[in-house]
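Here is the structure we will look at.
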Amino acid sequence: LYTSWIDGKYIFNKESFEHVLARLSMYYGVTVDCETAAGKYICSGKLNLKDDFDVVLNGLTNSVPISYTMEDGIYKIKLLK
């Protein structure tokens, strides 16, 4: 799991969404601001890091009930109600 990025994948198991976003933020060199409620979601999965960050984030919206916007160069993540 910890070296999956070498093969262009990010595999995570029972991690908080906040932790997943933090790792993706470092990998892609982007700034992400995540609401606390959304960050507490526990998720597992596999992401293809060869995709653009927007593609990866859009894919995550199928697993975690979130929406996101880009404001002043920062991705704002909000929990859908």
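The values are calculated or read from the model by the stated rules, or taken from the named source; none is laboratory data. What you see is a predicted model; the values in this text were computed from it and never measured. Glycine also receives a Cβ, built like all others from the backbone with ideal geometry; neighbour counts cover every protein chain displayed. We work out accessible area using only protein heavy atoms, side chains counted, and drop any ligands, DNA or RNA first. Shrake-Rupley method; radii C 1.70, N 1.55, O 1.52, S 1.80 Å.
For this structure, a couple of remarks:
- Beta carbons closer than 9 Å, at least 6 apart along the sequence or on distinct chains, never pair a first residue in the stretch 1-21 that is farther than 16 Å from ILE42 by Cα and open to solvent by 30 Å² or more (accessible area, probe 1.4 Å) with a second that is of a type in the set (Asp, Glu) and modelled with pLDDT under 85.
Each row is one residue, and each column tells you yes or no for (1) in contact (Cβ under 8 Å) with a residue 12 or more places away in the chain; (2) open to solvent by less than 60 Å² (accessible area, probe 1.4 Å); (3) assigned to a strand (DSSP E or B).
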residue	(1), (2), (3)
SER44	yes, no, yes
TYR68	no, no, yes
TYR75	yes, yes, yes
LYS81	no, no, no
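- When residues of the stretch 63-81 are limited to those that are among the β-branched types (Val, Ile, Thr) and in contact with an Asp or Glu (Cβ under 8 Å, 6 or more places away or on another chain), the one farthest from VAL32 (Cα to Cα): ILE77
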